[in-house]
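Input: a single structure, listed below in structure tokens.
Any read-out appearing in this document is the output of simple, stated calculations on the displayed coordinates, not a laboratory observation. All figures in this text were calculated on a predicted structure; none of them were measured in a lab. Counting neighbours? That spans all protein chains shown, and the Cβs are built from the backbone with ideal geometry, glycine included.
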């Protein structure tokens, strides 16, 4: 049943997958997997309060699960609670210091808390680990602007736009700084793997 539920989930047949997840929990209330995947599903649906609840339940069963820790941090950020997002993200980084997505999520939470110096350090770590991380590159430029470093911000936006010339937010923000950006037609590689939303099925 577990494989069938996950397959349905991957196909986008969320209602059918949810039915199977819940049936699994009725039979075996202590299962980790259905709780985790229900949390992922709620993130896909934009129901972040429920997502956080499912992910917290999953963490009680498996405290060191990286996917769950990072997804919980993301859910809490979406709920406008970046301060609560920091502990699970910090725990994820204790377990995997080389996890670029966790550094990026930490940086985003710090930025939302108005802590730009710490955000810059965290997003820089993300970019060292994953230079192709487009969201981290954009956040880096934003944070440099917040820190009143216009030349550095302009350089960061120009670099991003050389690789992703149709990045609307970067184009809009770049217009705030003097000087004309040099834009080439090459794109950055599309992000793949489980850490887009800490799970390949999750694309909120």
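Can residue 64 be described as touching a residue at least 24 places away in the same chain (Cβ under 8 Å) and loosely packed, with under 15 Cβ neighbours inside 10 Å? Don't jump to the end; show me each part of the working.
Numbers: touching a residue at least 24 places away in the same chain (Cβ under 8 Å): yes; loosely packed, with under 15 Cβ neighbours inside 10 Å: yes.
The answer is yes for residue 64.
Do you know which residues across the stretch 6-61 are under 19 Å from residue 76 (Cβ atoms) and surrounded by fewer than 14 Cβ atoms within 10 Å (Cβ to Cβ)?
Correct list: 45, 46, 49, 60.
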